[in-house]
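The values are calculated or read from the model by the stated rules, or taken from the named source; none is laboratory data. Keep in mind that what you see is a predicted model, and the values were worked out from it rather than measured. Glycine gets a Cβ as well: all are built from the backbone with ideal geometry, and neighbour counts include every protein chain shown. To get the accessible areas, we keep the full protein, side chains included, count just its heavy atoms, and leave off ligands, DNA and RNA. Shrake-Rupley method; radii C 1.70, N 1.55, O 1.52, S 1.80 Å.
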Amino acid sequence: MERKKYPLFFSFPAIIVFLLFFITPTVIGIYYSFTDWNINADEIKFIGLDNYRELFNEPRLKKAFTNTLIFAAAVTVLQNVTGIALALILNEKLKLRNLLRMIFFMPYVIAPLVIGYIFRAIYHPEHGIVNRIFDSVGLDSMMQDWLNDPRFALFTIIVTDIWRVAGFSMVVYLAGLQFIPKDLTECASIDGASYWTRFKHVVFPLLAPAFTVNVLLAMIGSMKVFEIVMVLTEGGPGYTTEVFYTYIRNTFSSGEMGYATAINMLLFVLVTLVGVPVLMAMKKREVEM
């Protein structure tokens, strides 16, 4: 019994850190979400569900909710499609495949703030690389104010974020591909199976664990997006690219801490309600395969 208990002692530091820096702030935040805590209050009063009633009637929050879901859905799907395509290409015996792997993964290790500032210059309506390329090839009609036009702003942010995170998905899928026995794909090829058939019936089912990890991390990360939106558009023009965290930041900045904490709790519940069923469905899929 003593030998079995001994390894548990090594987990105590991690448990203490987790309790101190995650569980405790979460519990305190839940309490403050039911208060009128704000910068002008002489004392903090418990007001029950008033903050939650107010936020459900806030049009700006509804816009942030819609934009967050659109962003999360688009990034999750396109990040994984791009990641698995890059992984399949760079899993082949190419001369420069290690260099290409590094190049595609590099954007993920750069801070989102830095990427945001870089792409603000790239999307500049007059001096940006995107519009200059269109101008140089005679496609003047394609030149747009990418970050200030409500029709393109959210789409532009989505494309930028996919460029940033696709390399991470690629690496996870590459790791999964390394564990697939080559004998299986070679036998399928000998039997006359096309590349698509081999991928659909042999490769993709065996990539189920990697697919689960990528989908879950992409979905949770994209629902919590903040830095890249803040740098590129600050939620504008108007509120057309407002997401949960930009709205929370603006609310905190105005001194409404209790109300902002309630919004944060709503996002926590939303991520949980979406993430847990997705994880369970993915795990079930792995077992069935």
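How big is D, in µm² s⁻¹, for the chain by Stokes-Einstein at 25 °C and 0.890 mPa s if Rh is the Kirkwood radius over C-alpha pairs?
Details: Rh = 22.3 Å.
The calculation lands on 110 µm²/s.
For region 36-125, what log10 I(q)/I(0) values come out of the Debye formula at q = 0.18, 0.21 1/Å, with one point per alpha carbon and no solvent?
-1.02, -1.14
Before anything else, pin down the relative contact order of the chain: Cα pairs under 8 Å, at least 6 apart, normalised by residue count, whole percent. Numbers along the way, then the final one.
Details: 316 pairs, mean separation 85.6, N = 289.
30 percent.
Out of the total accessible area of region 135-186 (probe 1.4 Å, heavy atoms of protein only), what percent is carbon and sulfur? Write down the numbers at each step before the final one.
Working: 1770 of 2830 Å².
Of all accessible area on region 135-186, carbon and sulfur atoms account for 63 percent.
Within region 58-288, count lysine pairs with alpha carbon atoms under 18 angstrom apart where the residues are 8 or more positions apart or belong to different chains. Intermediate values should be presented prior to the final figure.
Numbers: K62/K224; K63/K224; K93/K182; K182/K200.
Here the count comes out as 4.
Please compute the contact order of region 96-249 in relative form: average sequence separation of alpha-carbon pairs under 8 Å and at least six residues apart, divided by the residue count, as a percent.
Relative contact order for region 96-249 comes out at 29 percent.
Take the alpha-carbon positions of region 139-225, form their convex hull, and give its projected area averaged over all directions (one quarter of the hull surface) in nm². Don't skip to the answer; put the middle values down first.
Working: hull surface 34.4 nm².
If you wrap the Cα atoms of region 139-225 in a convex hull and average its projections, you get 8.6 nm².
Ignoring GluC sites (Glu not before Pro) that are buried or in helix or strand per DSSP, and keeping those with at most 11 other beta carbon atoms within 10 Å, what is the longest stretch of the chain between them? Don't jump to the answer; show the numbers that get you there.
On the way: sites that count: E43, E92, E126.
So the longest stretch without any such site is 127-289.
Just report the Cα centroid separation between region 193-228 and region 78-110, whole Å.
14
Please identify every one of the chymotrypsin sites (Phe, Trp or Tyr not before Pro) in region 152-243 that sits in a loop by DSSP and has no more than 15 other beta carbons within 10 Å of its own beta carbon. It would help to have the intermediate numbers written out before the result.
On the way: sites: F152, F155, W163, F168, Y173, F179, Y195, W196, F199, F211, F226, Y239; in loops: F152, F179, F226, Y239.
In loop regions of region 152-243 (DSSP not H, G, I, E or B), the sparsely surrounded chymotrypsin sites (Phe, Trp or Tyr not before Pro) are F179, F226.
Tell me the net charge near L232. Cut-off is 11 Å between Cβ atoms, L232 excluded, with +1 for each Lys or Arg and -1 for each Asp or Glu.
Numbers: positive: R120; negative: D161, E227, E234.
Summing Lys and Arg as +1 and Asp and Glu as -1 gives -2.
Per residue, how much accessible surface does the chain expose to a 1.4 Å probe? Answer in Å², no decimals. Before the final figure, lay out the partial values.
Details: 17390 Å² over 289 residues.
Ligands and nucleic acids excluded, the figure is 60 Å² per residue.
Among the trypsin sites (Lys or Arg not before Pro) within region 29-82, which fall in a DSSP loop and have no more than 16 other Cβ atoms within 10 Å of their own Cβ?
Numbers: sites: K45, R53, R60, K62, K63; in loops: K45.
Filter output for region 29-82: K45.
Which whole number in µm²/s is D for region 89-132 by Stokes-Einstein, with the Kirkwood Rh taken over Cα pairs at 4 °C and 1.567 mPa s?
Values: Rh = 12.5 Å.
It diffuses with D of about 104 µm²/s by this estimate.
Give a quick list of trypsin sites (Lys or Arg not before Pro) in region 175-281 that DSSP marks as loop, anything other than H, G, I, E or B, with at most 16 other Cβ atoms within 10 Å.
Working: sites: K182, R198, K200, K224, R249; in loops: K224.
For trypsin sites (Lys or Arg not before Pro) across region 175-281 that sit outside H, G, I, E and B with at most 16 neighbouring Cβ atoms in 10 Å, the list reads K224.
Stick to Cα atoms and the Kirkwood definition of Rh, then tell me Rg/Rh for region 12-66.
Values: Rg = 15.4 Å, Rh = 13.5 Å.
Checking Rg against Rh, the ratio lands at 1.14.
Mind grabbing the accessible area of S11 for me, 1.4 Å probe, Å², rounded to tens?
That residue has around 40 Å² of solvent-accessible surface.
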